[in-house]
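Taking it in order: structure first as structure tokens, then the write-up.
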Amino acid sequence: MDEDINISVNLTGIDSFPATKLKSKQKVFGNRAQRIKQRRSLKLNKLRESESNIPKQEFKNSKGFGKRTAVNEEQKQSEESPAKKQKLNGKINEKHAYSAEGIKEEVFASTKFQDTSLHPHLISTLEQRLGLTVMTRVQQLTIPVILKNNDVLVKSQTGSGKTLAYAMPIINCLMNRAIKVGRDDGPYVLVVVPTRELAVQTLETFSTVLQSAVWIVAGCLMGGEKRKTEKARLLDMGYEKDVAEIVTALNTKGNEHRQTILLSATLTTGVERLAGMALRNHEMIDASSMEHEGSKSKNVQDTVSIWPQSSADNQAFALPEKLKQYFVIVPCKLRLVTLAAFILWRCKMQSKKSKMVVFLSTQDSVEFHHRLFSQVLISGAKKSSHLTEDEDNVLPGTKDESETATLFKLHGEMSQKERTKVFQDFSAAQQGVLLCTDVASRGLHLPKVDWIVQYTTPGATVDYIHRVGRTARAGKQGNALLFLMPAEAEYIKELNNHKISLSEVPIKDVLLTLLTAVYELPLPPVLTKRQDPRTYEEAATYLQDRFEECVLRDPNMQTLAAKGYQSFVRAYATYTTSLKKMFAIKDLHLGHVAKSFALRQTPSHLSNLANRPLSKAFNPGFRFRAKADLAREGRHDSRKLPFSATVSEFGSGLGPNSSFVKKKATKKK
Ligand SMILES: Nc1ncnc2c1ncn2[C@@H]1O[C@H](COP(=O)(O)OP(=O)(O)OP(=O)(O)O)[C@@H](O)[C@H]1O
């Protein structure tokens, strides 16, 4: 019995099922469960035989799955050899490695916070509340410069602790003022961050550290938040005029005594020039510079370096050392099943389930995938009335909610309340999948995330860096997977030019996991018995069919899918000129794109479908809010904006300067 189980483990790539866990399951399910497991092991043995013995031609001509296999010539070209049995052990098998000598940045310094001149109360709060004693390199370099009241421009890799690098000395300066800071004084410090979630997170960090100086108050202002609440706080404290003055001053001449600090993982030379307008006599810190190595005895002034001279096109950035980067080449029509297979593999089939962030290009796409996966992949964990008695117990554990990967979504068109809740829930979750736009790509610290999936390619390399930077933070391990279509494979070279190294994961390795994963899924309403897929192609076809049926039987899902399709195509047209040769809209097979949104309609029918209103009973989650609502919140109706503005909240490289938008503007003229 145990032997059988182990064989299935080797075949399917699931982590081994610990013997102790197995025994407890046996107690619960008794003899019937044993019979089911035995039967399933036999099935899997057969699968293994068929995978190694049956020639491809044979299954293609057979009835059932083979007849409508989704894997076509295009996909086979992307494989290296014919299907041979793969033993996956939960590890990622690398096919090709594209390596380049990257820039290294040590995360931690050898010095402690105690070695600085920071206030002892601050240091003890850090130790007690956050358990931090040793500084990171960027903190070691930045804190003394800020304490000297100098303007500074800081470049340091993602997850290296930049927030505390500026928060600590700023708070220290406020604590040490000769005249104690009072609530009536107005704001002393303005921290500007790119997203609301990051504003919330930064406020949390400041509030934690400020426990050592309770007379200093941190607040947070952001678009979409109820102004009433914020206004009440501002009247309470009489700050409103000061805030308005500071913003005006920042936007016009600046203020004589202002100290300005600018930090990023990807400060380019272009940004440096821009910074020249806001910063005065500033120092520059590059935490990755080798000059800092062993420079304990030097003072910081000596170690502040000039950034590496390189052309802006090929500028290299440090990436976390423990970040493993992969890519997978996926033909367009297999994108949906491959993404689903990867999610199931890492977040449902492994004994240690992953916490994953999946980046998509548009809000509509996030909405569609979230709803589709919730229905086809996740709701399967709940008991389905369509399962036969035997099927009901086929996979012990699937009924257990705790083993179910939870799906989250985040994009800029959600209400602020929803956004905050998702951010907090996902941060607290031990496992799960967050489907999001670039709104989650910068600055956010989402604890325990171990996989970043870029389902759509980011525009600029800096966007790639920020996205993968949501994992492998503060010296932890992390992985990133980039989806590319065959025509986009050149993008790897582009990343290589920036000294970013990736290894290829064969698509087959991802799809093979479906051989087992499909047993985890519920039977769709129309079927009472599931056929056993014998090959990964059949398993992929089975899953694609489930997706298409889910869309087909629900007019609202069709509308969401068509909207997702449309927005994907439009976003694809907005890559910057330099990337257009790899991401050429003319090379996009629109029929295959439709397939990747589980649509059976031809592209010519899709615009009508996308414009069809969603029924009132359907709760799309994505609230197509009235223009008046948006105006009240000081926001625009994104449906009226040029498309690029609706694609991504910021910085995706698909901005208004893209040739797509320019072309449209020229046409209008
Ligand atoms: N000295 C330290 N030792 C250990 N962990 C630290 C230290 N300083 C900060 N951290 C932790 O590192 C994590 C990442 O920090 P932070 O969010 O400030 O990174 P960042 O450099 O701003 O990243 P990004 O560029 O993505 O915005 C946080 O969980 C933070 O608590």
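Provide the net charge surrounding Leu319, with neighbours chosen by a C-beta distance below 11 Å and charges set as Lys +1, Arg +1, Asp -1, Glu -1. It would help to have the intermediate numbers written out before the result.
Values: positive: Lys104, Lys322, Lys324, Lys499; negative: Glu105, Glu321.
Summing Lys and Arg as +1 and Asp and Glu as -1 gives +2.
Cross-link list Lys112/Lys353; Lys112/Lys148; Lys322/Lys355; Lys348/Lys499; Lys104/Lys348: which exceed 26 angstrom alpha carbon to alpha carbon? Don't jump to the answer; show the numbers that get you there.
On the way: Lys112/Lys353 35 Å; Lys112/Lys148 19 Å; Lys322/Lys355 17 Å; Lys348/Lys499 33 Å; Lys104/Lys348 34 Å.
The pairs that break the limit, which is 26 Å between Cα atoms, are Lys112/Lys353; Lys348/Lys499; Lys104/Lys348.
Expected output is a single nm value to one decimal: the length gained when fully extending between Asp425 and Arg280, i.e. 0.36 nm times separation in residues minus the C-alpha distance. What is it? Working shown, then result.
Working: separation 145, 0.36 × 145 = 52.20 nm, distance 4.11 nm.
Value of the extension gain: 48.1 nm.
List the residues, sorted by chain then number, that are 5 or more residues from Leu407 or on another chain and whose placed amide H is less than 5 Å from its amide H.
Sorted by chain and number, the residues that satisfy this are Val433.
By how many nm would the segment from Lys586 to Glu321 grow when fully extended, if each residue of separation counts as 0.36 nm and the alpha-carbon distance is taken off?
On the way: separation 265, 0.36 × 265 = 95.40 nm, distance 3.78 nm.
Full extension from Lys586 to Glu321 adds 91.6 nm.
Once fully extended, how much extra length lies between Lys148 and Phe108, figured as 0.36 nm per residue of separation less the alpha-carbon to alpha-carbon distance? Numbers along the way, then the final one.
Values: separation 40, 0.36 × 40 = 14.40 nm, distance 2.25 nm.
Here the answer is 12.2 nm.
What is the spin-label model distance, in nm, from Val192 to Ala178 if the labels are put 7 Å beyond Cα along the C-beta direction?
3.1
Just to verify a number: FRET efficiency for Ser607 and Val214, C-beta to C-beta distance, R0 = 41 Å, to 0.05?
Numbers: r = 58 Å, r/R0 = 1.42.
Result of the calculation: an efficiency of 0.10.
Quick one, what does Rg over Rh come out to for segment 431-497 if you take C-alpha atoms and the Kirkwood Rh?
0.96
Can you pull out the trypsin sites (Lys or Arg not before Pro) in segment 558-613 that DSSP calls coil and that have at most 14 other Cβ atoms within 10 Å?
Values: sites: Lys563, Arg570, Lys580, Lys581, Lys586, Lys595, Arg600; in loops: Lys580, Lys581, Arg600.
Of the trypsin sites (Lys or Arg not before Pro), the ones in loops of segment 558-613 whose Cβ has at most 14 other Cβ atoms within 10 Å are Lys581, Arg600.
Residues with beta-carbon under 13 Å from that of Lys476, excluding Lys476: net charge, scoring Lys, Arg +1 and Asp, Glu -1? Could you put the intermediate results ahead of the total?
Values: positive: Lys322, Lys324, Lys355, Lys448, Arg470, Arg473; negative: Glu321, Asp450.
Local net charge: +4.
Here, each number is a calculation from the coordinates, and none is a lab measurement. Worth saying up front: this structure is predicted, and the values here are computed from it rather than measured. Because the Cβ atoms are built from the backbone with ideal geometry, glycine has one as well, and the counts that use them run over all protein chains shown.
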